[in-house]
Amino acid sequence: MTSGSLYGALIGSVLAFNVADFLGRRRELILSALMYLVGAIITGLAPNFAILIIGRFISGTGIGLAMHAAPMYIAETSPSKIRGQMISLKEFFIVLGMVFGYSIGSLLVEVVAGWRYIYAANTAIASVMGVGMWWLPSSPRWLLLCAIQRKGNMAELKEQAISCLHRLRGAVIGEKASEEVDEILEELSFLGESEEASIGEIFQGKCLKALIIGAGLVLFQQITGQPSVLYYAPSIFQSAGFSAAADATRVSILLGLLKLLMTGAAVLVVDRLGRRPLLLGGVFGIVISLFLLGSYYLFLGNVPAVAVVALLLYVGSYQLSFGPIGWLMISEVFPLRLRGRGLSIAVLVNFGANALVTFAFSPLKELLGAGILFFIFGLVAILSLVFIFFIVPETKGLTLEEIEARCL
C-alpha cells in the first residue's frame with residue numbers, strides 16, 4: 001500500500017527521461033496533475049485491494065513526473081536573484097501538503113473508511129494544479145531551446161518566449177524581456193546548445209559533472225537514512241509516552257509543523273547565505289542526530305528524551321539542507337539541452353535510493369540492530385559532508401547559463 005506510489009514514481013521518472021523535452025515543462029506538469037486526479041478517484045472509490053494499489057501506482061507516476069518537471073519549470077522561469085527561494089518554496093508547499101494530509105488524517109482516524117475521504121480530497125488539489133498549469137505560460141528557456149535546435153520558426157518562438165516573460169514577470173520587465181531573450185539565445189549559442197543531445201552525452205564532459213553533483217546529492221539525501229529515521233518516529237514517540245493512534249497522528253502533525261518551520265527558514269535565507277552553507281550546516285546536524293540515535297539504541301535506552309531530541313534535530317537539519325537544497329541544485333546544474341534527461345536520472349536515483357533504503361532497512365535492522373544501523377547512517381552522512389565540501393559548487397546569484405559556463 002505504502003510502496004505502490006513509490007513504484008509509480010520510479011516509472012514516472014523513466015517516462016520523464018523520454019518525454020520531458022518533447023512535451024515541455026508545462027505540459028508535463030499538466031499530465032502529472034491528470035495522473036494525480038485519476039489516481040485519487042480510483043483510490044477513493046477502489047472496490048478491492050488490487051484496484052487500490054493500481055490507484056496508488058497511477059498517483060505515484062504523477063509524483064515522478066511532477067518532481068521532475070516542477071523544479072525545472074521554476075528554475076527556468078525565475079529571476080536568478082530569487083531562484084533559490086522560488087525552488088525552495090516548492091519543498092515548503094510539499095511539506096505544507098503533508099501537514100494538511102496529517103491534519104485530515106487526525107480528524108478521520110476514528111472514522112470507518114476515513115482513508116477514502118483522505119484520498120478523495122486529492123481530486124480538488126489535482127484539479128487546482130491542472131487548471132493552474134493550463135493557465136500559466138510555457139518555460140521561455142524551453143521555447144528558446146526549441147528555437148535554437150530548429151524545432152520551429154525562430155522568430156515565432158522568440159516572440160512566444162518574450163510574451164511568456166511578460167506574463168511571468170508582469171509589467172515591470174517592460175522592454176527588458178526582448179533583451180533577456182537575446183542574451184539567453186546568445187549564451188545558448190556560445191555554450192553549444194544548438195545541437196540536440198544524444199544519450200551518450202549525459203555521461204560525458206560537463207553533463208557528467210552535473211550528473212555527479214545532482215545524482216550524488218539526491219543519493220546522499222536518501223542513504224543518510226531519511227526514510228528510516230521517519231519510519232522510527234512512531235516508536236520513538238511511543239517510548240516517550242505517546243502510545244495511542246490518536247497520539248501518533250497528533251505527533252505527526254507536530255513533526256510536519258517542525259518541517260514546515262525549518263523549510264520556511266531555508267526559503268528565507270537560501271539566496272542570502274547560499275546553497276553550500278545550508279548544506280554543510282544542515283548535514284552536520286544530521287551527523288550529530290544519527291550518532292545520538294545510535295547511542296540511544298545501544299547505550300541510552302532508559303533516556304527517551306535523547307531519542308526525541310535526536311529525531312527533532314534530524315528532521316530540522318534535513319529540512320534546512322537536503323530537503324530543499326537537493327532539489328534546488330539538481331534543477332540548476334544541468335545544461336539546458338540535457339536538463340530534461342539529466343534531471344530525470346537524478347529523480348530516478350532519488351526514488352530508487354528511497355526504495356532501496358526502505359526495503360533494506362528491516363532486514364539490516366534484524367541483522368545488525370537499530371543502534372549499529374544508525375551509526376552506519378552517521379558514517380554515510382560524514383561521507384556526504386566530504387562530497388558537498390569538495391564537489392558541490394555555489395550557484396547563488398548566477399543565471400542558469402552562468403552556472404553552466406563557470407561551475408561545470
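The values are calculated or read from the model by the stated rules, or taken from the named source; none is laboratory data. Owing to the predicted nature of the structure, the values given are computational and were not obtained by experimental measurement. We place every Cβ from the backbone using ideal geometry, glycine too, and count neighbours over all the protein chains shown. Please note that ligands, DNA and RNA were not included when accessible areas were found on the heavy atoms of the full protein model with its side chains. Shrake-Rupley method; radii C 1.70, N 1.55, O 1.52, S 1.80 Å.
A few notes on this one:
- Residues that are open to solvent by less than 70 Å² (accessible area, probe 1.4 Å), in a helix (DSSP H, G or I) and not hydroxyl-bearing (S, T, Y), drawn from the range 117-126: I118, A120, N122, A124, A126
- Residues located in the range 237-253, provided they are under 26 Å from the mean Cα position of the chain (by Cα) and at pLDDT below 75: A248, T249, R250, V251, S252
- Flag if E91 is part of a helix (DSSP H, G or I) and touching a Ser or Thr at 6+ places or on another chain (Cβ under 7 Å): yes
- Matching entry among F57, F100, F17 (being without any contact (Cβ under 8 Å) to a residue 24 or more places away in the chain, of a type outside the set (S, T, N, Q) and open to solvent by 40 Å² or more (accessible area, probe 1.4 Å)): F100
- Test set (1) more than 30 Å from V269 (Cβ to Cβ); (2) in a helix (DSSP H, G or I); (3) open to solvent by 10 Å² or more (accessible area, probe 1.4 Å) - M1 fails condition number: (2)
- Among the residues listed as I388, I382, the single one being over 29 Å from Q85 (Cβ atoms) and either surrounded by 19 or more Cβ atoms within 10 Å (Cβ to Cβ) or at pLDDT 85 or above (or both): I382
- Residues that are farther than 23 Å from V131 by Cβ and either out of contact with any Pro (no Cβ under 6 Å at 6 or more places or on another chain) or in contact (Cβ under 8 Å) with a residue 60 or more places away in the chain (or both) are absent from the range 25-41 altogether.
- Taking residues in the range 384-408 that are more than 19 Å from L273 (Cα to Cα), and partners anywhere that are open to solvent by 40 Å² or more (accessible area, probe 1.4 Å) and modelled with pLDDT of 90 or more, the pairs with Cβ atoms closer than 6 Å and at least 6 places apart or on different chains are L408/K209.
- Residues that are touching a helix residue (DSSP H, G or I) at 6+ places or on another chain (Cβ under 9 Å), open to solvent by 80 Å² or more (accessible area, probe 1.4 Å) and either within 22 Å of G340 (Cα to Cα) or outside any helix (DSSP H, G or I) (or both), drawn from the range 154-185: M154, Q160, E183
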